[in-house]
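Contents: one structure, followed by commentary.
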Amino acid sequence: ALEIERSFRPACLRLAIATAFNNDADAAMRALDRAVELGGEDAGYLEYLAIARGRLGHRSEAIEAAERLESPSSGGKAAPPWARARAWASAGRTDSAVACLEEAFQVRSSSMPFLGVTPVFDEIRSCPAVQDLMRRVGVD
C-alpha cells in the first residue's frame, strides 16, 4: 500500500506494529514517526504506539500511551474500547485490558470476533475473564 500511496497513514500504523512484532525497533519507530507527520498524535497513533512500544519491551512508554488513550480527545470522546484494550494488553495491564474488552463487548464492537486471533491479546488470552468473553462472543 505504501508503494502505491506513500502518505497512506493506516499502512504506516500497521507497518509499525508488524515491524515491532518482528523485533525491528528502528523500522517500527520510523513508521510511527511517518504516521505522526501525516496525522499527528491522535488516538489511532497512540494505540499503535502503545502496541509497538509494549511489544518492543518499553512498557513504561506503552503505559503512557495507553493512559493518554483514556483521556477524552478534543472531540470529547475517549478512544474506542477495543483500541484501549489493545493498548493496555500491550502495556502488560491485563485488568485494564479486560475491562476495556468487556466495554467493547457491551457496545457490540465489530472487532470482538477477532479476540481469538489478534496477536496483542496472545499473552492474556488464557486469562479466565478473556476466556469468558471469547465464549460469550462465540470465538472459543
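What follows is calculated from the coordinates using simple rules that are stated; it is not laboratory data. It should be emphasised that the depicted structure is a prediction, and the values quoted were computed from it without experimental measurement. Note: ideal-geometry Cβ built from the backbone for every residue, glycine included; neighbour counts use all protein chains shown.
Classify the chain as rounded, prolate or oblate, taking a ≥ b ≥ c as the square roots of the eigenvalues of its Cα gyration tensor: rounded when a/c is under 1.5, otherwise prolate if a/b is larger than b/c and oblate if not.
prolate
Using the basic label-point model (7 angstrom from Cα toward the beta carbon), what is the Glu37 to Ala78 distance in nanometres?
Each label point lies 7 Å from its Cα, and together they span 3.4 nm.
Arrange the peptides 131-138, 11-18, 65-72 so that the one whose residues have, on average, the most other Cβ atoms within 10 Å appears first.
Numbers: 131-138: 14.4, 11-18: 21.1, 65-72: 18.4.
Top to bottom by mean Cβ count within 10 Å: 11-18, 65-72, 131-138.
Can you tell me the relative contact order of the chain? Whole percent, Cα pairs under 8 Å, sequence separation 6 or more.
Contact order relative to length: 16 percent.
If you add up the charges near Phe21, with Lys and Arg at +1 and Asp and Glu at -1, over every other residue whose beta carbon is less than 12 angstrom from its beta carbon, what do you get?
On the way: positive: Arg14, Arg55; negative: Asp24, Asp122.
So the surrounding residues net to 0.
To the nearest 10 degrees, how steeply does helix 59-70 sit against the main Cα axis of the chain, on a 0 to 90 scale?
80 degrees
Tell me the angle of helix 9-21 to the major Cα principal axis of the chain, expressed in degrees between 0 and 90 and rounded to the nearest ten.
The helix 9-21 is inclined about 70 degrees to the chain.
With angles folded into 0 to 90 degrees, how steeply does helix 25-39 sit against the dominant principal axis of the chain? Use alpha carbons for both and round to 10.
80 degrees
I want to check the label-to-label distance for Glu5 and Ala99. Put each point 7 Å from Cα in the C-beta direction and report it in nm to one decimal.
3.7 nm
Order 37-45, 2-10 from most to least packed using the mean count of other Cβ atoms within 10 Å.
Packing proxy ranking, top to bottom: 37-45, 2-10.
Can you tell me the length gained on complete extension of the stretch Glu70 to Ala129, counting 0.36 nm per residue apart and subtracting the Cα distance?
Value of the extension gain: 19.1 nm.
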